[in-house]
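**Q** I have a structure I would like to understand better, so I am pasting it below and will then ask my questions one at a time.
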Amino acid sequence: MEDWKAKTLDSYERYSALYDSRFGEHFSRAVMEDADRFVQLLRGQRVLDLGCGSGHHAAYFRSRGCDVLCADISPAMLEICRDKGLKTRHLDMESMTFVDTTFDGIWAYSSLLHLPKERIPKVIAKIHAILKPNGILALAFKHGETQGLEEHEDFPGSARWFTRVTLEEILGWCEDDFEPLYSSSYKASERSTFIFALFARND
């Protein structure tokens with residue numbers, strides 16, 4: 001496994017309980033309204049939470065009647081998801097394959113940002129291949145122009161890869177295969193502003 005990916009995974013493995021707590025707080029404070037928009041646009045119930053973390057988003061989708069599959073590269077995060085009664089699949093999104101399975105919606109909130117920028121379009125193409133016609137895609141990134149491993153004082157001895165992007169870059173990656181539906185931004189802290197965007201698959 002490449003160094004940047006191994007270090008990012010190690011951070012989630014070592015601090016899974018702390019991330020679970022932080023993700024829950026962030027969802028309640030900043031994500032729920034956008035999650036509602038996503039659910040309201042769905043034409044079916046089958047949802048893939050790609051890079052699900054500890055499953056707070058997926059648990060909310062389940063409470064709204066969705067059939068949710070949690071997918072993540074971190075076994076520790078998936079264990080927390082299973083403790084919440086969620087269905088899980090261990091995978092690396094760069095090499096994911098689904099045979100005879102498609103989804104009505106794919107929720108990739110702050111997950112593709114853990115990839116180097118040049119690799120993101122290939123994953124979006126994989127997402128397109130497993131999304132049903134007129135299916136809904138949700139993406140969230142941190143805003144900015146940098147990429148690389150970042151440390152945080154709350155998670156000592158670890159680092160995660162972050163690719164920070166602009167809304168224009170997100171739209172550019174999706175312009176050939178998806179119709180933009182909605183976008184918003186949220187300033188989570190002095191160091192982080194999140195960009196959220198919803199798309200429908202073009203057919």
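Computed from the coordinates by the stated procedures, all read-outs in this text should not be read as laboratory data. Owing to the predicted nature of the structure, the values given are computational and were not obtained by experimental measurement. Cβ placement follows ideal geometry from the backbone for every residue including glycine, while neighbour counts extend to all protein chains displayed.
**Q** How many percent of DSSP beta bridges within the chain run antiparallel, rounded to 5?
**A** 50 percent
**Q** List the residues, sorted by chain then number, that are 5 or more residues from residue 181 or on another chain and whose placed amide H is less than 5 Å from its amide H.
**A** Sorted by chain and number, the residues that satisfy this are 198, 199, 200.
**Q** List the chymotrypsin sites (Phe, Trp or Tyr not before Pro) within segment 122-203 that fall in a DSSP loop (any state other than H, G, I, E or B) and whose Cβ has at most 14 other Cβ atoms within 10 Å. Mind showing how you got there, number by number?
**A** Values: sites: 141, 161, 162, 173, 178, 182, 186, 194, 196, 199; in loops: none.
Filter output for segment 122-203: empty list.
**Q** Are any of the pairs 7/187; 117/187; 5/117; 117/142; 7/87 more than 19 Å apart by Cα-Cα distance, and if so, which? Let's see the in-between values first.
**A** Working: 7/187 26 Å; 117/187 22 Å; 5/117 13 Å; 117/142 12 Å; 7/87 26 Å.
Listed pairs above 19 Å: 7/187; 117/187; 7/87.
**Q** Here's something else I'd like to know. Just how large is the dipole of the chain about the Cα centre, in debye to the nearest 20, putting +1 at every Lys and Arg Cβ and -1 at every Asp and Glu Cβ? Let's see the in-between values first.
**A** Working: 25 positive and 32 negative charges, 98 e Å.
With only Lys, Arg, Asp and Glu charged at Cβ, the dipole is about 460 debye.
**Q** If you don't mind, another one. Report the trypsin sites (Lys or Arg not before Pro) located in segment 145-203 that are in a DSSP loop and have at most 16 other Cβ atoms inside 10 Å of their Cβ, or state none.
**A** On the way: sites: 160, 164, 187, 191, 201; in loops: 164, 191.
Those that pass, being in a loop and sparsely packed, are 191.
**Q** Among 35, 73, 128, which residue has its Cα furthest toward the positive end of the charge dipole of the chain, with +1 on Lys/Arg Cβ and -1 on Asp/Glu Cβ?
**A** Of the candidates, 35 comes out farthest on the positive side.
**Q** Just flag the GluC sites (Glu not before Pro) in segment 154-187 sitting in loop per DSSP whose Cβ has no more than 14 other Cβ atoms within 10 Å.
**A** Details: sites: 168, 169, 175; in loops: 175.
Filter output for segment 154-187: 175.
**Q** Give the long-range amide H neighbours of residue 150: residues separated by 5 or more places, or on another chain, with amide H under 5 Å away, using H modelled in the peptide plane at 1.01 Å from N.
**A** Excluding prolines and chain starts, which carry no amide H, the hits are 160, 161, 162.
**Q** Of the labelled options (1) 42, 40, 29; (2) 78, 37, 23; (3) 46, 37, 33, which one gives Cα extents along the principal axes in Å as computed for this structure?
**A** Comparing each candidate, only (3) matches the computed number.
**Q** Among bridges DSSP assigns within segment 81-186, what percent are antiparallel (round to 5)?
**A** On the way: 4 of 11 bridges.
Of all bridge pairs located within segment 81-186, approximately 35 percent are antiparallel.
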